[in-house]
Every structure is written in structure tokens, then in C-alpha cells.
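Undergrad: Dumping the structure here so I can ask a few things about it.
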Amino acid sequence: MNWTKEEFEIYTLLFAANVDLKMDEKELSFISAEVEPETFQKVLAVFQKDNDAQRIKNITTYQSHFLKTDSEKEDFFKEIKKLFFADGNYSAIEAGIFATLKRIF
């Protein structure tokens, strides 16, 4: 898939939302709120067919294309943090994946 920045962000947010092996409606609503439904569904379909290894590879491959500056990275981390609080619960697992994503990026 040749991704746009928006598609990369959706995919990465889906990865973050799924870290506790469940995506609830609040998290999915948060992710889909600002994007076209077709784009969201397309990225969701790719995400659902990929396994964890493919997901991590996709994220690490595309992050260098779309998050080039520290400012861009920090802005995106703020979005991830908002997502983690969307369901009202910031779990230890979510905190762990947040720290891992920061190290990767």
C-alpha cells in the first residue's frame, strides 16, 4: 500500500487502540471522527488483515516519511495520548506501547 500521511496516522492509531487486544467504540469514533469514512474503512481493512509483525513493519517504514521533525512527532504523540484516554482508561499496557512508539519514532 502506498500510504498518505492520513492513512499512516489512522493505521498507527488503530495499532495503539488495539494494544490491549480490543478496540472499543469510543476509540474507533475518535480515530474516524476527522477522516472520510471510505478512507477509514480502507485502512481498517488493511489493519485487520495484517498481523502484529506486519503492523510494526508498516509503522516503522512509514513513520520516517511522515514524521520527520520533532514537532511533528510530538503533535502525533499528543493524538495517541488523546486516543488512549478516549475510553476513559489509560492502562499499563497503553502506557507501555506509548513508550515503545516514542522509542521507535
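Undergrad: Report the convex hull volume per residue for the stretch 1-101, counting only C-alpha atoms, in Å³.
TA: 95
Undergrad: Report the net charge of residues surrounding Ala86, where surrounding means a beta-carbon distance below 11 angstrom and charges are Lys +1, Arg +1, Asp -1, Glu -1.
TA: -3
Undergrad: Given 0.36 nm per residue, what is the gain on full extension from Asn2 to Lys57 after removing their alpha carbon distance, in nm?
TA: 18.4 nm
Undergrad: Using the number of other C-beta atoms within 10 angstrom as an exposure proxy, rank Ser71, Ser32, Ser91 with the fewest first.
TA: The fewest-first ordering by Cβ neighbours comes to Ser71, Ser91, Ser32.
Undergrad: Something else now. How high is the FRET efficiency between Asp24 and Lys68 when r is their beta carbon distance and R₀ equals 41 Å, given to the nearest 0.05?
TA: That pair, Asp24 with Lys68, gives E of 0.80.
Undergrad: Cα centroids of the stretch 15-42 and the stretch 74-95: how far apart, whole angstrom?
TA: Taking the Cα centre of the stretch 74-95 as reference, the centre of the stretch 15-42 is 13 Å away.
Undergrad: Could you order peptides 46-52, 79-85 by the average number of other Cβ atoms within 10 Å of their residues, highest first?
TA: 79-85, 46-52
Undergrad: Considering the options Phe40, Ile59, Ser29, tell which one lies farthest towards the positive end of the dipole of the chain, charges being +1 on Lys and Arg and -1 on Asp and Glu at the Cβ, about the Cα centre.
TA: Positive-end residue among those listed: Ile59.
Undergrad: Further question: Using only helices, what value at 222 nm comes out for the chain when you add -39,500 (n - 2.57) per DSSP H run of length 4 or more and divide by the total residues, to the nearest 500 deg cm²/dmol?
TA: -24000 deg cm²/dmol
Undergrad: What does the net charge come to around His65 if you take all other residues with beta carbon closer than 15 Å to its beta carbon, with K and R at +1 and D and E at -1?
TA: Its environment carries a net charge of 0.
Undergrad: Net charge around Ile104, counting only other residues with Cβ within less than 14 Å of its Cβ (Lys, Arg = +1; Asp, Glu = -1)?
TA: In short, +4.
Undergrad: Using 0.36 nm per residue, how much length does the chain from Glu38 to Arg103 gain when fully extended, once their Cα-Cα distance is taken away?
TA: 20.3 nm
Undergrad: Can you work out the FRET efficiency for the pair Lys49 and Tyr90, with r the C-beta to C-beta distance and R0 = 35 Å, to the nearest 0.05?
TA: Rounded to the nearest 0.05, the efficiency is 0.80.
No lab work stands behind these numbers, since they all come straight from the coordinates. The shown structure was predicted, so the numbers you read here are calculated from the model rather than taken from an experiment. Note that each Cβ is placed from the backbone with ideal geometry, even for glycine, and that neighbours are counted across all protein chains shown.
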